[in-house]
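Worksheet: the structure to be examined is printed underneath.
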Amino acid sequence: MGRRVFLGTLGLGALGLVTAPVVQRGLEGFLGAVAGEDPTGLTGLLPNGGGFRYYSVAASVPHRTAADYRLTVDGLVDRPRGYGLADLRALRQTRLVRDVQCVTGWRVPGTPFEGVRLADLLDAAGVRSSAKAVRFTCFDGTYSESLTLEQARRPDVLVALRMQDKDIGHDHGGPVRLYVAPMYFYKSAKWLSGITVTDRVRPGYWENLGYDVDAWVGRSNGRSDDPTG
């Protein structure tokens, strides 16, 4: 990315802090588009108008629409199945409003998420007695995450379809992402495509690079952030 583009992006980031919400939404879309074409990853370090930053560990991420999105639930279950976006929307929805805390330090307070409780999908699948954990995979082809079965059954863990009172867009991990409210945001895997029940916790992408497997906000990764209440 050229120096002019980078400096211009920095200027837009500052502008978004003082301009109207409509300009902030435009800035969010601009940064998402630039980040998707930026091989340096530098634009991913810039906050957009909504307070979020863009992260992807893959060189590129395919888009999924309502017509071609699919979420599979399998592994140590009696009733494996696949869900389309319409199937997930037809299930009981739960709305949570919590702070989002990144392990790198930034926080977005009072962020609404809506979706299906992960526990409901696990119950529908019929988890077997030998199960201990859940592994999550993503259609970027690279990212993965895990939770213990006890963690996955918490009422504040969602398969999220909406964020900030709108459908989750591609840049925020849509059309479906994981949302683990009490943990650092790297546990909330974007572009979710697979939920596999397993016999043990299998560390995810960042855990294999040194992050804590149990990522409770303020009680892991050497940080003392306030809980995401």
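Bear in mind that the values in this text are calculations on the coordinates, not laboratory data. Please read these numbers as outputs of a predicted model, since none were measured by experiment. Note that we place each Cβ from the backbone using ideal geometry, even for glycine, and neighbour counts take in every protein chain shown.
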Q: Could you order peptides 90-96, 100-106, 186-192, 167-173 by the average number of other Cβ atoms within 10 Å of their residues, highest first?
A: 186-192, 167-173, 100-106, 90-96
**Q.** Interchain or long-range residues, amide H under 5 Å from Arg70's placed H
**A.** none
Q.
With a cut-off of 8 Å between alpha carbons and a minimum separation of six or more residues, what is the relative contact order of the range 95-229 in percent?
A. 28
Q | Distant-in-sequence amide H partners of Gly218 (H built 1.01 Å from N, under 5 Å) | A | Asp225
Q.
Run the simple label-point estimate for Asp99 and Arg79 please: 7 Å along Cα→C-beta, distance reported in nm.
A. 4.0
(Q) Assuming 0.36 nm per residue, please report the length gained on full extension of the stretch Asp214 to Thr72 beyond their Cα-Cα distance. (A) 48.7 nm
Q. What nm distance separates the two modelled labels at Asp226 and Asp87, each placed 7 Å from Cα along Cα→Cβ?
A. 4.1
Q: Provide, in order from the shortest bin, the percent of all Cα-Cα pairs of the range 140-205 in each 5 Å bin, continuing until the bin that contains the maximum pair distance.
A: 4, 17, 29, 27, 16, 6, 1, 0
Q | Table column - 3J(HN,Hα) (Hz), the range 176-188, Karplus curve with 6.51, -1.76, 1.60, x for Gly and Pro | A | 9, 9, 7, 9, 10, 4, x, 10, 4, 5, 5, 6, 8
(Q) Give me, ordered by chain and number, the residues 5 or more places off Gly75 or on other chains with an amide H under 5 Å from its own placed amide H. (A) Val197
Q: Using +1 at the Cβ of each Lys and Arg and -1 at the Cβ of each Asp and Glu in the range 77-229, identify which of Ala160, Ala215, Leu91 lies farthest towards the dipole's positive end.
A: Leu91
Q: For the range 72-223, give the magnitude of the charge dipole about the Cα centre (Cβ charges: +1 Lys/Arg, -1 Asp/Glu; no others), in debye to the nearest 20.
A: 200
